[in-house]
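Following: one structure in structure tokens, then a few remarks.
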Amino acid sequence: MSRDGYHIMIDCRKHSELLRAKGFSFDQIADIFTLYHDVSPLKLHRYAHGLTGAQAVAAYNDLDPAGTAAMRVPRLYVFEGWPDSERRPNARALTIFAQIYHTTARRLVTDEMYASYSPNDRDLIDRTDHRHLDSQGSRHAPGTVATRASMELEAVRASGTVPAALTPAGCAALLRALRAEEADVKRRDLLFELALAMGGAPALVLLRHLSPPEKDRLATAVRTSGRVDAGTVEVIEKLTARCRRLDDDFGPETVLPVVDAQRELVAGLLRGETLLPALRDRLTYAYAQLSQLAGYLQYDLMDYAGAQRRYREALGAAHQIADPTLITYLHTCLSNIFLRQGQTGRALDHIYAAEGWARRSPSALLRSLHAIDMARALARSGSVRESEHALARSRQLVSQPRSEADPSYLYWWTPIGVQRNTAYCMLAWGRLTDAIDSAEQALAIPMTRKIAHGEALLYYAEALTRKREIPAAVDKIRGAAHLAGSHSSGQLTDSVRQARTRLQPWAGNKHVRHLDEELRSLSIVSQIKE
């Protein structure tokens with residue numbers, strides 16, 4: 001074996017061990033290496049087991065039913081190199097290799113190679129299946145099993161299956177990214193281990209913000225549950241804060257697996273550690289934030305049941321540490337789920353449940369957010385005057401200077417948000433001209449969050465549609481649709497569809513027809529009902 005070949009095998013052995021620990025079968029690991037290494041299936045399966053040529057040959061000779069011990073390392077390399085080498089493995093040899101690699105003989109040959117065997121040999125190859133020898137062969141990746149956590153933070157337990165982000169293609173992309181940006185082998189292996197634990201390739205964006213000592217601390221927390229100190233908690237807090245920014249750029253489909261993985265890590269530390277009270281409170285706070293963020297991402301993907309479950313788990317943790325700001329925020333999150341589904345009464349229940357906690361919160365920014373959600377729910381219930389009062393209170397509170405009492409997770413709440421939601425309330429009140437003015441003021445200031453920008457455009461479009469200004473409405477919907485096309489927000493995509501539905505009386509209008517073509521090209525709609 002060449003020096004380069006030996007180093008490749010060692011790298012594959014390390015990666016295989018990490019992937020096995022995450023629940024991958026040997027076949028799944030070989031699938032990952034298929035996307036990463038341009039070698040034959042026979043060699044890929046050896047890589048998946050982390051075997052040198054000599055080790056594979058020794059295993060072969062031990063299993064050779066003829067007892068001839070005829071296999072030699074050079075002959076193995078010839079077999080692995082076919083069709084570029086002079087000889088392919090015979091069908092009997094494939095059955096032995098399949099037993100060594102805990103797989104089927106058919107997986108060890110390409111389609112072209114399979115076609116070159118005789119009918120009898122193909123029958124033998126088809127019948128040879130040793131996947132039962134793999135202790136993890138019955139597990140299926142990707143996939144996640146729903147987890148639950150009580151108010152005492154019980155659960156998020158390992159299910160034996162791997163996170164959805166850790167598909168063979170995702171792992172191969174992770175390996176390619178690490179090879180491209182990290183020359184040091186030890187640091188590359190550490191990043192691979194951490195990224196696997198944190199949800200896959202998207203986690204690299206978070207890990208780049210950690211210093212080498214911080215990565216080492218995180219690796220210790222990932223590998224064992226015996227050493228959690230203040231420095232480890234600081235790393236987790238740093239990653240939690242940065243997780244929220246990922247959604248702005250990558251969308252919920254990409255970010256949710258990362259958040260879920262980090263949430264599982266924190267839950268495991270809380271479940272298994274004897275911690276000083278102050279450290280436990282900080283970890284519980286991080287767990288509550290991660291659960292809230294996971295709930296929001298599921299809400300944005302329109303998984304309302306999953307979002308409620310995560311929000312309530314976060315609420316239990318927030319009550320455990322008696323944080324009135326976070327408790328208020330979580331009730332507003334729950335309110336938005338029901339408001340989105342047209343259940344205004346249940347939305348108001350959560351708004352009123354949060355009201356007392358909001359008074360206890362030292363954060364004016366949080367009270368502004370609570371007031372705007374109250375204004376929205378009251379507007380939908382027809383309580384115009386009360387809604388106006390809540391909107392005015394939100395505007396007054398958000399104008400106050402930010403302080404240390406304002407939580408970092410509300411970084412996105414600004415006067416622009418109040419202006420954008422003013423347009424929402426004006427629509428509910430039937431004041432279309434005022435809704436247009438509010439939307440224009442919100443859109444006049446650049447917004448970094450695509451969802452917020454898209455919402456403002458769609459509020460504007462709804463007002464224009466109700467005023468029968470169809471070309472202008474189409475223009476706003478088109479802008480929101482392109483934002484939805486670059487972000488995996490299910491809510492924004494669904495809102496674009498609803499906006500198009502409101503245009504149905506003008507379906508024959510040329511502007512609407514052109515919009516329909518764009519929506520189809522963006523895969524937002526497949527067809528428009530006549």
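The values are calculated or read from the model by the stated rules, or taken from the named source; none is laboratory data. Please read all numbers here as calculations on a predicted model, not as lab measurements. When we count neighbours, we look across all protein chains shown, and the Cβ atoms used for this are built from the backbone with ideal geometry, even at glycine. Areas reflect the complete protein model, heavy atoms only, side chains present, ligands, DNA and RNA absent. Shrake-Rupley method; radii C 1.70, N 1.55, O 1.52, S 1.80 Å.
Data for the structure
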item	result
Residue under evaluation ALA180, criteria (1) open to solvent by less than 20 Å² (accessible area, probe 1.4 Å); (2) modelled with pLDDT under 80; (3) not in a loop (DSSP other than H, G, I, E, B), criterion not met	(1)
Residues of segment 249-296 classified as in a helix (DSSP H, G or I) and either aromatic (Phe, Trp, Tyr) or more than 21 Å from LEU174 (Cβ to Cβ) (or both), total	28
Lone unmet requirement of (1) touching a residue at least 12 places away in the same chain (Cβ under 8 Å); (2) under 43 Å from the mean Cα position of the chain (by Cα) for LEU63	(2)
Hits in segment 29-43 - residues which are within 12 Å of HIS15 (Cβ to Cβ) and not small (Gly, Ala, Ser)	ILE29, ILE32, PHE33, TYR36, HIS37
Test set (1) in contact with a Lys or Arg (Cβ under 7 Å, 6 or more places away or on another chain); (2) modelled with pLDDT of 95 or more; (3) open to solvent by less than 40 Å² (accessible area, probe 1.4 Å) - ALA463 fails condition number	(1)
Condition check for THR465: within 27 Å of ARG500 (Cβ to Cβ), touching a residue at least 12 places away in the same chain (Cβ under 8 Å) and in a loop (DSSP other than H, G, I, E, B)	no
Every residue from segment 489-502 that is open to solvent by less than 30 Å² (accessible area, probe 1.4 Å) and among the hydroxyl-bearing types (Ser, Thr, Tyr)	SER489, THR493, SER495
Residue that is farthest from ARG420 (Cα to Cα), among those in segment 359-370 that are in a loop (DSSP other than H, G, I, E, B) and of a type in the set (Ser, Thr, Tyr)	SER361
Entirely in segment 85-129, the helices (runs of 4 or more DSSP H) that have 2 or more residues that are touching a Ser or Thr at 6+ places or on another chain (Cβ under 8 Å) and surrounded by 20 or more Cβ atoms within 10 Å (Cβ to Cβ)	91-100
Near pairs, Cβ below 6 angstrom, 6+ apart or cross-chain, from segment 100-114 (within 14 Å of ARG88 (Cα to Cα)) to any residue that is assigned to a loop (DSSP other than H, G, I, E, B)	ALA105/THR128
ARG280 vs. criteria of a type in the set (D, E, K, R) and buried (at least 19 other Cβ atoms within 10 Å of the Cβ)	yes
ALA314 being among the aliphatic types (A, V, I, L, M), free of Cβ contacts under 8 Å to residues at least 40 places away in the same chain and in contact with a helix residue (DSSP H, G or I) (Cβ under 8 Å, 6 or more places away or on another chain)	yes
Residue match in segment 7-26 (condition: closer than 17 Å to HIS102 by Cα and at pLDDT 90 or above)	yes
Matching option when the condition is more than 30 Å from PRO446 (Cα to Cα), assigned to a loop (DSSP other than H, G, I, E, B), among the β-branched types (Val, Ile, Thr) and open to solvent by less than 70 Å² (accessible area, probe 1.4 Å), among VAL222, VAL228, VAL233	VAL228
Contacts under 9 angstrom Cβ, first residue in segment 178-202 being closer than 26 Å to ASP248 by Cα, partner β-branched (Val, Ile, Thr) and crowded, with 23+ Cβ neighbours inside 10 Å, 6 or more apart	LEU196/VAL162; MET198/VAL258; GLY199/VAL255; GLY199/VAL258; GLY199/VAL259; GLY200/VAL258; PRO202/VAL255; PRO202/VAL258
Number of the condition not met by PHE24 [criteria: (1) more than 30 Å from ALA201 (Cβ to Cβ); (2) assigned to a loop (DSSP other than H, G, I, E, B)]	(1)
Breaking point among (1) over 24 Å from LYS22 (Cα atoms); (2) open to solvent by less than 30 Å² (accessible area, probe 1.4 Å), for ARG245	(2)
Per-region count, segment 392-409, residues under 34 Å from the mean Cα position of the chain (by Cα) and open to solvent by less than 70 Å² (accessible area, probe 1.4 Å)	8
Filter result for THR448 (without any contact (Cβ under 8 Å) to a residue 12 or more places away in the chain and either open to solvent by less than 50 Å² (accessible area, probe 1.4 Å) or β-branched (Val, Ile, Thr) (or both))	no
Only listed residue being modelled with pLDDT under 95 and crowded, with 22+ Cβ neighbours inside 10 Å, chosen from ALA423, ALA484, ALA456, ALA439	ALA484
Among residues of segment 371-423, those that are over 27 Å from GLY345 (Cβ atoms) and not in a helix (DSSP H, G or I), counted	12
Filter result (small (Gly, Ala, Ser) and in contact with a Ser or Thr (Cβ under 9 Å, 6 or more places away or on another chain)) within segment 299-316	ALA314, GLY316
Residue in segment 426-452 that is farthest from the chain's Cα centre (by Cα), counting only those that are β-branched (Val, Ile, Thr) and not in a helix (DSSP H, G or I)	ILE445
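Let's see how each residue does on (1) closer than 23 Å to LYS14 by Cα; (2) modelled with pLDDT of 85 or more; (3) in contact with a strand residue (DSSP E or B) (Cβ under 7 Å, 6 or more places away or on another chain):
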site: ALA169; (1), (2), (3): yes, no, no
site: LEU175; (1), (2), (3): yes, no, no
site: ARG187; (1), (2), (3): yes, no, no
site: PRO213; (1), (2), (3): yes, yes, no
site: ALA219; (1), (2), (3): yes, yes, no
site: ARG227; (1), (2), (3): no, no, no
site: GLY231; (1), (2), (3): no, yes, no
site: PHE250; (1), (2), (3): no, no, no
site: VAL259; (1), (2), (3): no, yes, no
